[in-house]
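Enquirer: Let me begin by handing over the structure; questions about it come next.
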Number of protein chains: 2
Amino acid sequence: MKNTTINHILEVGTQLISKKGFHNVGLQEVLQTAKVPKGSFYYYFKSKDDFGLQVIRYYSEQSIKIFASYLQNQALAPRDRILSFFQDRIAIYKEQEFTEGCLLGNCSLEMSDIKVAFADTLAQELDRWQALFEACIQEGQDSGNIPSKKEAGRISALLLNNWEGALLRMKASKDGTALDLFLEHAEEQLS
Amino acid sequence: MKNTTINHILEVGTQLISKKGFHNVGLQEVLQTAKVPKGSFYYYFKSKDDFGLQVIRYYSEQSIKIFASYLQNQALAPRDRILSFFQDRIAIYKEQEFTEGCLLGNCSLEMSDIKVAFADTLAQELDRWQALFEACIQEGQDSGNIPSKKEAGRISALLLNNWEGALLRMKASKDGTALDLFLEHAEEQLS
DNA sequence: ATTTTGTATTAGACCGGTCGTCTACAAAAG
DNA sequence: CTTTTGTAGACGACCGGTCTAATACAAAAT
């Protein structure tokens, strides 16, 4: 049962940290929304940092499943897989009134300079994300579906970084213009 | 003397919050590095939030001076003003080993969902930044120095958002590839 | 059926730090 | 001399992450 409890705590932690950030969420809040007694925390995790790192990996893993469901969907052309992914994300952000954004992005700015372990895992997970996009772009270039001659690795890095930038601007301005602009620009980059 | 003390506190606050984030910096740390007693702090600021908002405005103001020194420099063509600005920023980030990034970007992700007052001022200051770039781009388009037919407002938004995204990736990966990629891409956007 | 053993789980205390208030005092201005 | 402006830091109430000692409980042994 230990593992299911851990996963439940991680799920709750993901939600809370997405909304409020790592430093702004206390163990108390995590544990009582997860309905786990306070004393148990250090039975499941060796520290709050350990917990945070596991939340990051957990969130990344969940996200990768979503990415794959789009980017490896053989029913669509590679270019459309990517664009429909972003279109759907944008719709979600509009529904939730431009909150949360990306936990990896949020933690990248909040934690990378403070704890190397965070920078390391964040960089690693972002690289995994980028690789998924890169493979899809490469596939599109090979088949002629994506005409751009720029290296797939660079296009994928630009897409990911620009997307994080758009989410940042979205969170501050609480509107969708940055997202719409990103999408329009992404369409050009994949042409 | 009121103004010099306030500015000193804001300067120290800017430094600390740039490096560690808002929630990860306590009043105690601010006060003892600024060598100002607590009693003075609450004489000048009505709360930590008030302090944070003023730090954001202070940082933005300082940044705008730097922007203007590049973007309104009549000795260079508009396109070169923009590119040299980013080139110089990149050099600085490489020197300081890819830390800190942009206080406005950092606070945008950390604070926007938690306190509306932060989202408001952050959005406002980011808009001011964008307007400076927009004016320079417009000037370049009018003179033919920047051939792109895309609206200056959109180009400037893309540049700013993509720049913040590049800084985010830089902080996590602790290397300059995201910055170099951004610059290369910016050169294309201004062609 | 009862006791023993060993592990899974939790209660609760700990200490340090959080922000903010308040009172006393010094310095400067009028 | 009085009032304003700013300094000084103790204090309170609370919350942070952490840890140890105690419990709950299941399986094994008697």
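The values are calculated or read from the model by the stated rules, or taken from the named source; none is laboratory data. Remember, it's a predicted structure, so these values are computed and weren't measured experimentally. Cβ sites come from the backbone with ideal geometry, for glycine too, and all protein chains shown count toward neighbours. For accessibility, only protein heavy atoms count, side chains too; no ligands or nucleic acids. Shrake-Rupley method; radii C 1.70, N 1.55, O 1.52, S 1.80 Å.
Enquirer: For segment A:1-107, compute Rg over Rh where Rg is the Cα radius of gyration and Rh is the Kirkwood radius from the inverse mean 1/r over Cα pairs.
Expert: Dividing the radius of gyration by the Kirkwood radius yields 1.06.
Enquirer: Roughly what angle does helix B:152-173 make with the longest principal axis of chain B, taking Cα atoms, 0 to 90 degrees, to the nearest 10?
Expert: 60
Enquirer: What is the extension gain from residue B:135 to residue B:27, computed as 0.36 nm multiplied by their sequence separation minus the C-alpha to C-alpha distance, in nm to one decimal?
Expert: 35.0 nm
Enquirer: Estimate the FRET efficiency between residue B:91 and residue A:57 by the formula 1/(1 + (r/R0)^6), using the beta-carbon distance for r and 35 Å for R0, to the nearest 0.05.
Expert: On the way: r = 34 Å, r/R0 = 0.97.
Here the calculated transfer efficiency is 0.55.
Enquirer: Output ³J(HN,Hα) for segment A:132-138: one whole-Hz value per residue in order, computed from phi by the Karplus curve 6.51 cos²θ - 1.76 cosθ + 1.60 with θ = phi - 60°, and x for Gly and Pro.
Expert: Result, ordered by residue: 5, 5, 4, 4, 5, 5, 4 Hz.
Enquirer: Calculate the dipole size of segment B:1-139 relative to its Cα centre from +1 charges on Lys and Arg beta carbons and -1 charges on Asp and Glu beta carbons; express the result in debye to the nearest 20.
Expert: Approximately 440 debye in magnitude.
Enquirer: Also, I was wondering about something else. Quick one: net charge around residue B:126, please, counting Lys, Arg +1 and Asp, Glu -1 for every other residue with C-beta under 14 Å from its C-beta.
Expert: -2
Enquirer: Whole Å is fine, so just give me how far the alpha carbon centre of segment B:145-168 lies from that of segment B:40-89.
Expert: Segment B:145-168 and segment B:40-89 have Cα centres separated by 18 Å.
Enquirer: A further question on this structure: Provide, for q = 0.12, 0.16, 0.19, 0.22 Å⁻¹, the log10 of I(q)/I(0) from a solvent-free Debye sum over equal Cα point scatterers in segment B:117-191.
Expert: -0.39, -0.65, -0.84, -0.98
Enquirer: Could you check which residue among A:35, A:20, A:171 shows the biggest mean-square fluctuation in a GNM of chain A with a 10 Å Cα cutoff?
Expert: A:35
Enquirer: Let me ask another. Net charge near residue A:184: determine it from the other residues with C-beta under 11 Å of the C-beta of residue A:184, scoring Lys and Arg +1 and Asp and Glu -1.
Expert: With Lys, Arg at +1 and Asp, Glu at -1, the neighbours total -1.
Enquirer: Against the longest principal axis of chain B, how steep is helix B:78-95, in degrees 0 to 90 to the nearest 10, with axes from Cα atoms?
Expert: Once rounded, the angle reads 50 degrees.
Enquirer: Quote the charge dipole size of segment B:57-189 about the Cα centre in Debye, to the nearest 20; the model charges only the Cβ of Lys and Arg (+1) and of Asp and Glu (-1).
Expert: 80
Enquirer: With every protein chain present, what accessible area does residue A:8 have (1.4 Å probe, heavy atoms only), rounded to the nearest 10 Å²?
Expert: 80
Enquirer: Quick check on chain A: helices-only [θ] at 222 nm, where DSSP H runs of length 4 and up contribute -39,500 (n - 2.57) each and the sum goes over total residues. Nearest 500, please.
Expert: Rounded to the nearest 500, it is -25000 deg cm²/dmol.
Enquirer: Name the chain A residue nearest the rotation axis between A and B, going by Cβ position, and give the distance in whole Å.
Expert: Measuring from each Cβ to the axis, the minimum is at A:165, 1.
Enquirer: Taking each label point as 7 Å beyond Cα in the direction of the beta carbon, state the distances from residue B:143 to the same residue in the other copies, shortest first, in nm.
Expert: Label point to label point, same position, other copies: 4.7 nm.
Enquirer: Would you work out the Kirkwood radius for chain A? I mean one over the mean of 1/r across all pairs of different Cα atoms, in Å.
Expert: 17.8
Enquirer: Give me the angle, in degrees from 0 to 90, between the Cα long axis of helix A:2-20 and the longest principal axis of the Cα atoms of chain A, rounded to the nearest 10.
Expert: It works out to around 70 degrees.
Enquirer: What size of dipole, in debye to the nearest 20, comes out for segment B:1-81 about its Cα centre when the only charges are +1 on Lys and Arg C-beta atoms and -1 on Asp and Glu C-beta atoms?
Expert: Here the size comes out at about 40 debye.
Enquirer: OK, next. Anything over 28 Å Cα to Cα? Flag those among B:149/B:171; A:150/B:94; A:2/A:65, in the order listed.
Expert: Over 28 Å apart, Cα to Cα: B:149/B:171.
Enquirer: Still on this structure, I have one more. What per residue convex hull volume, in Å³, comes out for the protein assembly as shown when only alpha-carbon positions are used?
Expert: Looking at the protein assembly as shown, the number lands at 145 Å³ per residue.
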